[in-house]
Structures are given as C-alpha cells and as structure tokens.
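So the structure is just underneath, and the comments pick up after that.
The values are calculated or read from the model by the stated rules, or taken from the named source; none is laboratory data. Predicted model, so just to flag it, every value in this text is computed and none were measured. So basically every Cβ, Gly included, is an ideal-geometry build from the backbone, and we count neighbours across all protein chains shown.
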Amino acid sequence: MACPYLEPAHHSTIDLVHTFLEIAAILIAGFWSYISYLRGRTFKLRMEPSIVGKSVEVGGVQFISGIARVKNVGLSKLPIEQTGTAILVSDLLSPAPTLEPTCVNEGFTLVLEVFKKHTWVEPGEPIEEVFMLRLPENPERVALKLQLRLVVRGIEWNADSIIDLSSTSK
C-alpha cells in the first residue's frame, strides 16, 4: 500500500523546480535583452552634423553663404543646447614664404548662432539652416574655415569645411 501523503510532496517538488527554472529563464532573457539594448548603438546619442559653404564677391565685397545640417540617426529625441552650439567662421591666412611645408595661420573668428528655432531633433529627423554674411576685408586671407559645433546633453559634435577663395566669382 502506498503512502497517500508522499504523492503531493513529490508533485510539489517537481512544481517548485519547474517554477524555479521558468523564473531563471525569464531573468536570463531579461538580462540578455538589457545587454543587447545597451550594446545597440542606435539607442545611444548619435548626431551627424555637416556644414558647407561658398564665397561670392560682388562689387569688391566678399560674401559667404552656407548650409549647416544635422541629422539625428539615433532612436532618442535629442534637445539642442544653445550654449555652445554655433557656427564659427575663421580666416585662414597665408604663412610667411619658406622652402618647407607649413600650415596656414588661423585668424579672426566670427561666431554665428545656429538652430535657435529648433529646441530638439526627433529620431531620424534632418534639420538645416542656411546663412549668409558679409566678410570684412582681409588681404592676407587665402581661405575660410567653417566649423559647426552642436551641443546635446553636454556632448559635443563637430563638423568642419574649408571655403576655397580662389574660385570666387565676380
């Protein structure tokens, strides 16, 4: 004759092990998902800034125009911080003549506000802003350097471009 009170104990042990294994599987799957989320670069802050420009001379007055662009290639809505976000325009000046290769000197820098109308950038959204300005005369200027500086959540992204002044149209 079998003991009736051993049967339920046997089933509860199997149920307990089954429940423990289910909980362990759920925890392992959750941990794996979390690690995959953290490793996925699309969930990190990712911006692609770019800037281009050209120079035009009209009646002896030099102007530059350009387009500053940024695209949010991540999956998070990103706020643009105006403090630190700007376009910098620098003169690249001819160095003294030598027989050795030398770098050009960087001179006067003008700072322009950019993306003031955009307080944030949605995921996948490209934004752009055009600009045009008159340059002061500088006979030593051989080119211009444009820099787009974008600050989001304390992180800085930069893009640079050179404007060749030898192709200035009149």
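Looking at region 49-67, can you tell me whether even one residue there is of a type in the set (Gly, Ala, Ser), at pLDDT 90 or above, out of contact with any His (no Cβ under 6 Å at 6 or more places or on another chain) and more than 30 Å from Leu150 (Cβ to Cβ)? Write out each step before concluding.
If we filter region 49-67 for residues that are of a type in the set (Gly, Ala, Ser), which is where we start, we get 50, 53, 55, 59-60, 65-66.
After this cut, where a residue has to be at pLDDT 90 or above as well, the list is 50, 53, 55, 65-66.
Those still in the list that are out of contact with any His (no Cβ under 6 Å at 6 or more places or on another chain) too: 50, 53, 55, 65-66.
Subsequent filtering for residues that are more than 30 Å from Leu150 (Cβ to Cβ) retains none.
Scanning region 49-67, I find no residue that is of a type in the set (Gly, Ala, Ser), at pLDDT 90 or above, out of contact with any His (no Cβ under 6 Å at 6 or more places or on another chain) and more than 30 Å from Leu150 (Cβ to Cβ), so the answer is no.
Can you tell me how many residues within region 46-89 are of a type in the set (Gly, Ala, Ser), surrounded by fewer than 18 Cβ atoms within 10 Å (Cβ to Cβ) and within 16 Å of Val111 (Cα to Cα)?
Number of matching residues: 2.
Among the residues of region 133-152, which ones are surrounded by fewer than 20 Cβ atoms within 10 Å (Cβ to Cβ) and closer than 30 Å to Leu78 by Cα?
Passing the criteria: Leu133, Lys145, Gln147, Arg149, Val151.
Which condition from (1) at pLDDT 90 or above; (2) within 34 Å of the chain's Cα centre (by Cα) is the one that Arg46 breaks?
(1) is the only condition that Arg46 fails.
Do any strands (runs of 3 or more DSSP E) lying entirely in region 73-170 carry at least 2 residues that are under 20 Å from Leu45 (Cα atoms), and which ones are they? Let's see the steps before the verdict.
Numbers: elements: 81-93, 105-112, 126-134, 141-152, 155-164.
Qualifying strands (runs of 3 or more DSSP E): 81-93, 126-134, 141-152, 155-164.
Select from region 31-43 the residues that are assigned to a helix (DSSP H, G or I) and modelled with pLDDT under 65 and write down the one among them that is surrounded by the most Cβ atoms within 10 Å (Cβ to Cβ). Don't jump to the end; show me each part of the working.
Taking region 31-43 as the starting set, the residues that turn out to be assigned to a helix (DSSP H, G or I) are 31-39, 41-43.
Applying the additional criterion that residues be modelled with pLDDT under 65 yields 41-43.
Details: Arg41: 9, Thr42: 11, Phe43: 13.
Out of the qualifying residues, it is Phe43.
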